[in-house]
Amino acid sequence: MIKTLKLHTLALLGAFMVPSLAAAQNTGGVFPPMVNDGHKSAQYRIAINPDNAAGETGFAQRLHYQQSLNGDMMWRVVGQTRKTADSDFDFDFLQAELFWELSDDEDQHKTGLRFDARLRDEGRAEQLGLNWTNQFNFENGWSARALILTAVQIGENAADGVNLQTRGQIARKMESGHTLGVDMFNNYVRTGNIGSFKEQSHTIGPFVAAPLGDGVSLYAGPLFGLSKAAPDLEARLWLTRGF
C-alpha cells in the first residue's frame, strides 16, 4: 500500500514540477493541509534576490500570525513589505487566509483548502485565491506535498484570467528533529496568457528546518531559477515562534 501511494505521489509531483512570473521576491511556502487544535504561532520571513532585473539587490519581508479555531480550521493574517525605488520597506500587501483541513487525523494522505483575500495599494488590484494542498506521509520520516494555487484579481486595473501556480516538496524529518528537503515553485502566469517555459517562473532549492528551543524554529534555504523569467538565486529565511 505504501509503495503504491508513493508511486502515485511521485507521479503527482512530477506533473506539478514542470512548466509566477516573479515580479518580487518569493516569501511563499509549500504549506501543509494539517490543522492542529490549539495552535498559535507568529512567523517572520525574508527573501533576498542579490541581482534582480534592475541589477540591484531586492528583498521582501513578511510577518504573519495564525491561530486554529478547532482541529479542522485555522485563520492567518499576513503583512508584507518590499524594496522599491521609493523605499526599502514599501507596503506590498495585507492578506487574510482561512485553512480548512478535509482529512482525518489517521489518514496517510492529508488534504485541505486555503482561501485568500489580498489587499494592495497604488492602483494595484485586489486578489482572491483558492488553493488545494496535499501531504503524503511515508515510512522513516519521509513526506511529500503537492499544491495547486489559483487566484483572480478584482477591482480597478484587474487583470483577466486566473493566475495558476503549483508547488511541490519532498522532505524527511530526522531523529534530531531537523527536517531536510527540496521545494519547487511553478508560476504559469494567467489563463489566456500562458506562455512558454522560459516566460514562466520555475524555481527549485533545498532547505533545512530546525527547532531552536523555547518554541522557536528556523527554516532556511536558497531557490535557484530553472527558467529565464525566474531569478537566478533567492536566499530565504524564516523564524517561527509558537505560543
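Observations, loosely collected:
- If only residues of the stretch 120-153 that are in a loop (DSSP other than H, G, I, E, B) and not small (Gly, Ala, Ser) are counted, the one that is most open to solvent (accessible area, probe 1.4 Å) is Glu122.
- Restricted to the stretch 154-171, and to residues there that are aliphatic (A, V, I, L, M) and either touching a helix residue (DSSP H, G or I) at 6+ places or on another chain (Cβ under 8 Å) or over 30 Å from Ser143 (Cβ atoms) (or both), the residue that is surrounded by the most Cβ atoms within 10 Å (Cβ to Cβ) is Ile170.
- Of all residues making up the stretch 67-85, the number that are under 21 Å from Glu126 (Cβ atoms) and out of contact with any Asp or Glu (no Cβ under 8 Å at 6 or more places or on another chain): 1
- No other residue among Gln80, Gln95 is within 25 Å of Phe224 (Cβ to Cβ) and modelled with pLDDT of 90 or more apart from Gln80.
- Residues in the stretch 172-227 that are under 26 Å from Gly242 (Cα atoms) and β-branched (Val, Ile, Thr) were compared, and the one that is surrounded by the most Cβ atoms within 10 Å (Cβ to Cβ) is Thr179.
- Listed conditions (1) crowded, with 16+ Cβ neighbours inside 10 Å; (2) in a strand (DSSP E or B); (3) of a type outside the set (Gly, Ala, Ser) are all met by Leu237, apart from (1).
- Residue count for the stretch 143-194 under the criterion of being on the phi > 0 side of the Ramachandran plot and in contact with a His (Cβ under 6 Å, 6 or more places away or on another chain): the result is 0.
- So Val208, is it assigned to a strand (DSSP E or B), of a type in the set (A, V, I, L, M) and over 19 Å from Ile46 (Cβ atoms): no
The values are calculated or read from the model by the stated rules, or taken from the named source; none is laboratory data. What you see is a predicted model, and the numbers here were worked out from it, not measured in a lab. A quick note on method: Cβ atoms are made from the backbone with ideal geometry, for glycine too, and the neighbour counts reach across all protein chains shown. Keep in mind that these areas ignore ligands, DNA and RNA; they rest on the heavy atoms of the full protein, side chains included. Shrake-Rupley method; radii C 1.70, N 1.55, O 1.52, S 1.80 Å.
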